[in-house]
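Enquirer: Handing you a structure now.
None of the figures in this text is laboratory data; all of them are computed from the coordinates on show. Remember, predicted model here, so these are calculated numbers, not experimental data. Here the Cβ positions follow ideal geometry from the backbone for every residue, glycine too, while neighbour counts run over all protein chains shown.
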Amino acid sequence: MGRTLLSIDWDFFIYTKKENWGSYIENNETTIKLWYKRYILSKAQGINIQNFFKLSSEINTFWEKLKKYFLFTKDTKVYVSDSHVLSYDIAINNGCNIVYLFDAHSDLGYGGLSSLNFEVNCANWLGKLLKNKKISQAHIIYSPYTIEKPEYFREINNAFNIHYLSLSQLDKDIKVYAIHICRSGAWTPPWFDEKFMKFVSDLGIPFKIIDCPVRKWNTENMTFSDQIDYLLA
């Protein structure tokens, strides 16, 4: 029998009018300072950056919907992090050989099979699990806001057991051994962080936070020195 990792990216729920927000690099510059830089530059043009993003109301019913297909037990382990790359280790450490991914990105690797020759990162962790034979199959449920299409990954799709599904196409009673919920702060704005933590808590299962620093979004008290620092990000 298979052991399932359920991996969920917070950006699954976030719509943006500008498709170039975000970065494939994850660090303090991209997860917090770059958001302030965008805010400052947008404000200088008379634009409120927060108007570019919308959080789906689906966060309020998501867990209820998932429980129609997935089985969560008292033994299901739940991890919360900023980076999605942690799913690679979670799958291996929990002996999971199947991954169900809810995400705006496939995380299969961008650039065909050659992208799987690089070290494990936030953009290829799922493809690396398949290439390294750590899992036998991957099921990707794209966000309704994604700009990706399965055919973008034709070479990787042909090499491994990958399925692209909608929620209604899932089997019933899929037992989940581990859940990973990631914030992906390089893609998701900090002013939604409180709702992110509420979303995590609404699952109703104890969770372990691994490397997910609190981001404080306070545009009211920025000093001139702060602004210079952010603009240099």
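Enquirer: Does Leu129 meet the test of being closer than 25 Å to Met197 by Cβ, buried (at least 19 other Cβ atoms within 10 Å of the Cβ) and either out of contact with any strand residue (DSSP E or B) (no Cβ under 7 Å at 6 or more places or on another chain) or in contact (Cβ under 8 Å) with a residue 24 or more places away in the chain (or both)?
Expert: no
Enquirer: From Leu41, Leu34, which residue is assigned to a helix (DSSP H, G or I), buried (at least 18 other Cβ atoms within 10 Å of the Cβ) and out of contact with any helix residue (DSSP H, G or I) (no Cβ under 7 Å at 6 or more places or on another chain)?
Expert: When all the criteria are applied, what remains is Leu34.
Enquirer: Here's a follow-up. For segment 187-222, name all the residues that are within 24 Å of Thr73 (Cβ to Cβ) and of a type in the set (Ser, Thr, Tyr).
Expert: Scanning segment 187-222 gives a single hit, Ser201.
Enquirer: Applying the selection to segment 99-148, what residues are of a type in the set (Asp, Glu) and over 26 Å from Lys54 (Cβ atoms)?
Expert: Glu119 - this is the single residue of segment 99-148 that is of a type in the set (Asp, Glu) and over 26 Å from Lys54 (Cβ atoms).
Enquirer: Go through the residues of segment 161-183 one by one and say whether even a single one is surrounded by 15 or more Cβ atoms within 10 Å (Cβ to Cβ), in contact (Cβ under 8 Å) with a residue 40 or more places away in the chain, among the aromatic types (Phe, Trp, Tyr) and out of contact with any Ser or Thr (no Cβ under 8 Å at 6 or more places or on another chain).
Expert: no
Enquirer: Any residue at all in segment 217-224 that is surrounded by 15 or more Cβ atoms within 10 Å (Cβ to Cβ) and under 30 Å from Ser115 (Cβ atoms)?
Expert: No, segment 217-224 contains no residue that is surrounded by 15 or more Cβ atoms within 10 Å (Cβ to Cβ) and under 30 Å from Ser115 (Cβ atoms).
Enquirer: Which of the residues that make up segment 44-53 are under 16 Å from Pro190 (Cβ atoms) and exposed (fewer than 14 other Cβ atoms within 10 Å of the Cβ)?
Expert: Scanning segment 44-53 gives Asn48, Asn51.
Enquirer: Something else now. Scan segment 91-125 for residues that are touching a residue at least 60 places away in the same chain (Cβ under 8 Å), among the aliphatic types (A, V, I, L, M) and in contact with a helix residue (DSSP H, G or I) (Cβ under 7 Å, 6 or more places away or on another chain) and report the count.
Expert: Count: 4.
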